[in-house]
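Scroll down for the structure; my scribbles are underneath it.
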Amino acid sequence: PVSAIAPSVSTRNATDVGTSTARLRGTVDPNGAETKYWFEYSTDSLLGAILLKTTDQVSAGAGSNQGNVETDISSLTPKTTYYFRIVARNSVGTVRGDRESFKTD
């Protein structure tokens, strides 16, 4: 069997952005190890710990194919810029995708 490596992730643009909701999207490749993913988001462009929010962790399985993932978030502030990224973790490590942003209506 092939040795597992840390997951691969990519943050994609947010869709369905409204006044208080948005859909965060990304891709996850578990690279052969049981992997969980989630999104971090904040009004802080540095995604610092004080204002950071996270979505629930979801299993991405243990395959070796890249898959599209998405999560809806709510209770956002209207006319506000939010920053977000996808995060994934398996037994080998934790990786974070590039930061993206969107502005609520």
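The values are calculated or read from the model by the stated rules, or taken from the named source; none is laboratory data. This one's a predicted model, so the numbers in the text were calculated from it and none came from an experiment. For neighbour counting, all protein chains shown are included, and Cβ atoms are generated from backbone atoms with ideal geometry for every residue, glycine included. Just the protein is used for accessible areas: all its heavy atoms, side chains included, with ligands, DNA and RNA removed. Shrake-Rupley method; radii C 1.70, N 1.55, O 1.52, S 1.80 Å.
Rolling a 1.4 Å probe over the protein heavy atoms leaves Leu46 with an accessible area of roughly 140 Å². Here the contact order of segment 25-105, divided by its residue count and restricted to Cα pairs under 8 Å and six or more residues apart, works out to 37 percent. When Lys79, Lys103, Lys36 are compared by accessible area of protein heavy atoms, the largest-first order is Lys79, Lys103, Lys36, using a 1.4 Å probe. Only one residue of Thr21, Ile5, Ser42 has its Cα farthest out toward the positive end of the dipole of the chain, where Lys and Arg carry +1 and Asp and Glu -1 on Cβ, and that residue is Ser42. Taking 17 Å as the straight-line reach from the Cα of Lys53, the aspartates and glutamates in range (excluding those fewer than 8 positions away in the same chain) are Glu40, Asp44, Glu70, Asp72, Asp98, Glu100. A probe of 1.4 angstrom, applied to the heavy atoms of all protein chains, finds Asp56 with accessible area near 130 square angstrom.
Available extension along the chain between Asp16 and Ser75 is 19.8 nm, counting 0.36 nm per residue and deducting the alpha carbon span.
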